[in-house]
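A short reminder: the numbers here are calculations on the coordinates, not readings from a lab. For clarity, every value in this text was computed on a predicted model and none was experimentally measured. Don't worry about glycine lacking a Cβ; one is built from the backbone with ideal geometry, like all the others, and counts go over all protein chains shown.
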Amino acid sequence: MKSAPKPSFGRQLGMTIVELMISMTIGLVILGAVGALFINVQHSARNADSMSRIQENARFAVELMARDIRMAGYIGCGNLASGTINTIANAPVPQLNASNAIRGQDAPSGTIAGITLVGGDTVTIMRGTGSDVHLVGNLVPSNANIQINSNPDNFAADDVLMVTNCSNTDVFRATNVSNSSGTITLSHSSSSNTGNRIGTYGEDAFIMRLARFVYFVGTNPDTNRPSLYRANTIASAGVAEELVDNVENMEIEYGVDTNNDNAADEYRAAAAVTNWESVISVRLRLLVASADNNILPAAQSHTFNGTTVSDRRMRQVFTTTIAIRNRLP
């Protein structure tokens, strides 16, 4: 029987300092590669999220503006050229006609509804809004009120309303709204209106609100960042509603029909439009930025509509062309 071998005390039982350093170096390299991969993945995810938010904001902004621009001059049916429009509401309610159903300004300064403008173009649209509420009584022009059987849009005193039958349209300010026995009476006395209605309306006529929407880019007083706003300024300075944040600038050109063929022959800035009745489409360009200012690895300059900005935000320009339905055959 053989005896067990004796242990060799000269044999190494651990790692040498060189092996340990090599192992640590390899570990650090692997750790650094994993860390770099994580940072790159995180950076890519932030870029993708920022771009997704930019595109989502742009789609929402374009959809809202396109809806109102398409409906410029809407009076319930037909278009402004198919009937007679009569505005009896006293100033500052503007006359509703084909020349002011849509108007624009090139990069005005100042404020709108208390919000400071940041230099982008503005566009103003007048149109009827809300439900088509039909008339039931007091239909002749000499009456200083009209009657409806429901009020889904909550018409109230001081509202600017329009009554239309597609041939005639009267714009008036309601001075009183009363409800008696299921019939709602809308008064429009001479205290806020001048003259009588021109239309003799049957029960096929209906009532809508008249809106005068102004779209503009202004500075949010809470965040000090630019946003797309809409204000309804039909009878006063209005109240500005923030629609989409981080819309930094807006450029608008107007498609003008110069030969009456119902097609835009050229696009002009607002200052170059001499006949607003000939505008049949709108070319809209929006500059939308990321909410965060540390997305790009270095500051980049971006020039849009005559304004240059430089920081580390991600930006994208969105362009669309919108036809004005009530000016097309």
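Just a few scattered comments:
- Folded to 0 to 90 degrees: helix 17-70 orientation relative to the chain principal axis, Cα: 10
- The loop-placed trypsin sites (Lys or Arg not before Pro) in region 143-215, going by DSSP, include none that has at most 14 neighbouring Cβ atoms within 10 Å of its Cβ.
- P(r) histogram, all alpha-carbon pairs of region 57-116 included - 5 Å bins from 0, percent: 4, 13, 16, 19, 24, 13, 9, 3
- The candidate values were (1) 16.4; (2) 33.2; (3) 18.5; the one computed from these coordinates for mean projected area of the Cα convex hull in nm² carries the label (2).
- Considering only alpha-carbon pairs that sit under 8 angstrom and 6 or more positions apart, the relative contact order computed for the chain is 18 percent.
- Normalised contact order of region 25-150, rounded percent, pairs of Cα under 8 Å and 6 or more residues apart: 18
- 3J(HN,Hα) along region 251-266, derived from phi through the Karplus expression 6.51 cos²θ - 1.76 cosθ + 1.60 where θ = phi - 60°, amounts to 10, 10, 10, 10, x, 10, 8, 8, 10, 6, 9, 6, 9, 6, 8, 7 Hz, with x in place of Gly and Pro.
- Between the beta carbons of residue 40 and residue 311, assuming R0 = 30 Å, the FRET efficiency works out to 0.85 to the nearest 0.05.
- Among 174, 81, 235, residue whose mean-square fluctuation peaks in a GNM of the chain (springs only between Cα atoms under 10 Å): 81
- Under the criterion of Cα pairs below 8 Å and six or more residues apart, the relative contact order for region 68-211 equals 29 percent.
- Top of 88, 22, 184 by mean-square fluctuation, Gaussian network on the chain, Cα under 10 Å: 22
- Expected-Rg normalisation [2.2 N^0.38 Å, Cα atoms] applied to region 164-231: 1.69
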